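Q: Provided herewith is a single structure, encoded as structure tokens, for subsequent inquiry.
The values are calculated or read from the model by the stated rules, or taken from the named source; none is laboratory data. Note that the coordinates shown come from a computational prediction; the quantities given were computed from them, not determined experimentally. Note that we place each Cβ from the backbone using ideal geometry, even for glycine, and neighbour counts take in every protein chain shown.
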């Protein structure tokens with residue numbers, strides 16, 4: 001190196017930048033997956049809360065569809081053999097998987 005070490009050389013800076021970019025390129029796909037899973041968890045929690053609120057009302061519900069924050073939800077109600085009703089909400093999450101949240105009441 002140089003006799004007077006007043007700063008970094010261009011080569012040292014380039015190596016540091018190369019090391020940083022290599023670590024970032026390894027970590028970024030995992031950060032993206034974690035972000036998608038966080039959004040999926042939020043969507044699933046919303047669906048579960050909606051099912052719980054609708055089942056507490058204990059009314060005859062019609063099948064319907066709605067959109068919230070770009071996610072399309074569909075409500076399906078079924079009547080069982082007894083007087084039991086089942087409420088299900090289907091949606092495709094941000095991680096491209098389809099989920100269903102169900103609840104039943106009498």
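Q: Those residues that are under 30 Å from residue 30 (Cα atoms) and touching a residue at least 40 places away in the same chain (Cβ under 8 Å), I need them from region 47-106; list them, please.
A: Start the filter on region 47-106 by keeping residues that are under 30 Å from residue 30 (Cα atoms), which leaves 47-49, 67-73, 89-101.
If the condition is that a residue be under 30 Å from residue 30 (Cα atoms) and touching a residue at least 40 places away in the same chain (Cβ under 8 Å), then 47, 48, 89, 91, 93, 94, 95, 97, 99, 101 are the ones that fit.
Q: Counting just the residues of region 5-31 that are surrounded by 10 or more Cβ atoms within 10 Å (Cβ to Cβ) and assigned to a loop (DSSP other than H, G, I, E, B), which one comes out modelled with the highest pLDDT?
A: 9
Q: Looking only at residues in region 60-94 that are outside any strand (DSSP E or B) and surrounded by 11 or more Cβ atoms within 10 Å (Cβ to Cβ), which one is modelled with the lowest pLDDT?
A: Taking region 60-94 first, the residues outside any strand (DSSP E or B) are 60-63, 69-70, 80-84, 93-94.
Remaining after also requiring surrounded by 11 or more Cβ atoms within 10 Å (Cβ to Cβ): 61, 84, 93-94.
Details: 61: 69, 84: 79, 93: 85, 94: 81.
Checking each candidate, the answer is 61.
Q: Still on this structure: Residues to consider are 34, 44; find the one that is at pLDDT 80 or above, under 9 Å from the mean Cα position of the chain (by Cα) and closer than 13 Å to residue 101 by Cα. Step through it out loud before you land on a result.
A: Values: 34 fails: closer than 13 Å to residue 101 by Cα.
Going through 34, 44 in turn, the sole match is 44.
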